[in-house]
Amino acid sequence: MSTRATLDVSSLSPNATDTRDPVWWGNTLFMTIESMTIALSIATYFYLWRINTEWPPTHALAIHTIKDPVPDLGFATANLIVLLASLVPAILIDRAARRKDATTAFWGQVVLTAIGIGCIVLVCFAFRGLKVSYDENAYGSTVWMILFLHLTYVSVGTIETAIQVLWIFLYGLDENRVSDVTMVAISWYWVIATWAVMYPVVYWTPRLA
């Protein structure tokens, strides 16, 4: 009778992080898909810029003229600065989760949640700074779509972080939550990176036109 070779894996952890975790791949695919959505939105923006003689257009539905169509920098720039600053707590919770430091992971995510709420407020105010409604012309529809995508990503990231804060508060940072916390950090890195691309497109290319 032949014997089957066996391997003792009892010493291995029942949980995995990064590329060894199926959730990591799901999160990465989600970010890839949404990155393509952003790319298509930006491509639409540049296509419209190419075929228009003035950019941003000063006419909206041939009803009225926008005297100063260039979007305001204030709230959008503040949002960029706050997001860049949020790299600090994002990195802290990423590292804390990997070494199972529940206290740092908890308070880091509390700070990140607060920052996320602040960013949501800033983005909502930034819509007015676009100086055009979403239904006034193709330019308006495109920049509103880009800003709305960013608002969606920040909101989802903030809600996800808040849920992790509540979970750690109630149950602690167990083996099953380590990967979830690292996913929060990775998703937040992506949110920062996407706005770093969206921001100059929407707010600085009109100043170069």
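The set of residues in the stretch 121-130 that are among the β-branched types (Val, Ile, Thr) and either within 18 Å of TYR47 (Cβ to Cβ) or without any contact (Cβ under 8 Å) to a residue 40 or more places away in the chain (or both) contains only VAL121. Taking the numbered list (1) part of a loop (DSSP other than H, G, I, E, B); (2) surrounded by fewer than 20 Cβ atoms within 10 Å (Cβ to Cβ); (3) out of contact with any strand residue (DSSP E or B) (no Cβ under 6 Å at 6 or more places or on another chain) in turn, PRO69 passes all entries but (2).
The residues of the stretch 160-196 that are closer than 30 Å to PRO57 by Cα and either surrounded by 15 or more Cβ atoms within 10 Å (Cβ to Cβ) or touching a His at 6+ places or on another chain (Cβ under 8 Å) (or both), listed by number, are VAL191, ILE192, THR194, TRP195.
Do the conditions hold for ASN15, that is, is it within 24 Å of TRP167 (Cβ to Cβ), in contact with a helix residue (DSSP H, G or I) (Cβ under 7 Å, 6 or more places away or on another chain), modelled with pLDDT under 95 and not in a helix (DSSP H, G or I)? Lay out the reasoning, then the answer.
Numbers: within 24 Å of TRP167 (Cβ to Cβ): yes; in contact with a helix residue (DSSP H, G or I) (Cβ under 7 Å, 6 or more places away or on another chain): yes; modelled with pLDDT under 95: yes; not in a helix (DSSP H, G or I): yes.
The answer is yes for ASN15.
The residues in the stretch 88-113 that are loosely packed, with under 15 Cβ neighbours inside 10 Å and either hydrophobic (A, V, I, L, M, F, W, C) or touching a strand residue (DSSP E or B) at 6+ places or on another chain (Cβ under 9 Å) (or both) can be counted, and the count is 2. State whether one or more residues within the stretch 89-97 are without any contact (Cβ under 8 Å) to a residue 40 or more places away in the chain, charged (D, E, K, R) and under 23 Å from ASP21 (Cβ atoms). The answer is yes; a qualifying residue exists.
Just to confirm my filter: which helices (runs of 4 or more DSSP H) fall fully inside the stretch 131-209 and include at least 2 residues that are farther than 30 Å from ASP68 by Cα and in contact (Cβ under 8 Å) with a residue 60 or more places away in the chain? I'd like the intermediate steps shown before the answer.
Values: elements: 138-171, 175-203, 205-208.
Those helices (runs of 4 or more DSSP H) span 138-171, 175-203.
Can you say whether CYS124 is surrounded by fewer than 17 Cβ atoms within 10 Å (Cβ to Cβ) and of a type outside the set (A, V, I, L, M), as far as the supplied structure shows? Spelling it out, CYS124 is indeed surrounded by fewer than 17 Cβ atoms within 10 Å (Cβ to Cβ) and of a type outside the set (A, V, I, L, M).
Residue-by-condition table, conditions (1) aliphatic (A, V, I, L, M); (2) in contact with a strand residue (DSSP E or B) (Cβ under 9 Å, 6 or more places away or on another chain); (3) modelled with pLDDT under 95; (4) over 27 Å from LEU73 (Cβ atoms):
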| position | (1), (2), (3), (4) |
| --- | --- |
| ALA138 | yes, no, yes, no |
| ILE146 | yes, no, no, no |
| GLY157 | no, no, no, no |
| VAL178 | yes, no, yes, yes |
| VAL184 | yes, no, yes, yes |
| LEU208 | yes, no, yes, no |
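Looking at the structure I just gave you, is SER141 surrounded by fewer than 17 Cβ atoms within 10 Å (Cβ to Cβ) and not aromatic (Phe, Trp, Tyr)? Here the answer is yes, as SER141 does meet what is asked.
The values are calculated or read from the model by the stated rules, or taken from the named source; none is laboratory data. Small disclaimer: the values here were computed from a predicted structure and weren't measured. Please note: Cβ atoms are built from the backbone with ideal geometry, for glycine as well, and neighbour counts cover all protein chains shown.
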